[in-house]
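Student: Below is the structure I would like to discuss, written out as structure tokens.
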Amino acid sequence: MQTTDIEREIRSFLITTFLFGRDEQLRDSDSLLGNVIDSTGALELVAFLQERFGINVDDEDVIPDNFDSVKSVVSYVVKKRGSES
């Protein structure tokens, strides 16, 4: 799966689940935490990533560096998929 496909799926999940279809509010590097998702939303995102991309998200990985923006989430998923292959 290409990075662009991963980004498209993550973006689609965020828009559908948290933004009620309003994609104009979701920019690649804007902060998700507190703006788009809250702590419960972060858990939903983690569950989605694990199920959809077949990765294991460790508790210590759920930090702003990995989950603060669309860009950082995509980068995290790509890295995890590469390390778990």
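Student: Please work out if residue 5 is in a helix (DSSP H, G or I) and of a type outside the set (Phe, Trp, Tyr). Explain how you work it out, then say what you get.
Tutor: Numbers: in a helix (DSSP H, G or I): yes; of a type outside the set (Phe, Trp, Tyr): yes.
Spelling it out, residue 5 is indeed in a helix (DSSP H, G or I) and of a type outside the set (Phe, Trp, Tyr).
Student: Restricting attention to segment 33-85, and to residues there that are assigned to a loop (DSSP other than H, G, I, E, B) and small (Gly, Ala, Ser), which single residue is nearest to the chain's Cα centre (by Cα)?
Tutor: At the first step, the residues of segment 33-85 found to be assigned to a loop (DSSP other than H, G, I, E, B) are 34-36, 38, 54-58, 62-63, 68-69, 84-85.
Imposing the further condition that a residue be small (Gly, Ala, Ser) reduces the set to 34, 54, 69, 85.
On the way: 34: 14, 54: 13, 69: 8, 85: 19 Å.
Going through the qualifying residues, I end up with 69.
Student: A follow-up question, please. For segment 40-76, what are the residues that are polar (S, T, N, Q) and either exposed (fewer than 15 other Cβ atoms within 10 Å of the Cβ) or over 18 Å from residue 3 (Cα atoms) (or both)? Spell out the reasoning first.
Tutor: Just the residues of segment 40-76 that are polar (S, T, N, Q), to begin with: 40, 50, 56, 66, 69, 72, 75.
Scanning segment 40-76 gives 40, 50, 56.
Student: Looking only at segment 8-30, which residues are closer than 13 Å to residue 71 by Cβ and exposed (fewer than 14 other Cβ atoms within 10 Å of the Cβ)?
Tutor: 27, 28, 29, 30
Student: Within segment 8-32, which residues are under 17 Å from residue 80 (Cα atoms) and either among the aliphatic types (A, V, I, L, M) or not in a helix (DSSP H, G or I) (or both)?
Tutor: 10, the sole residue that qualifies.
FYI, it's all coordinate maths here, none of it is from the lab. Please read all numbers here as calculations on a predicted model, not as lab measurements. For neighbour counting, all protein chains shown are included, and Cβ atoms are generated from backbone atoms with ideal geometry for every residue, glycine included.
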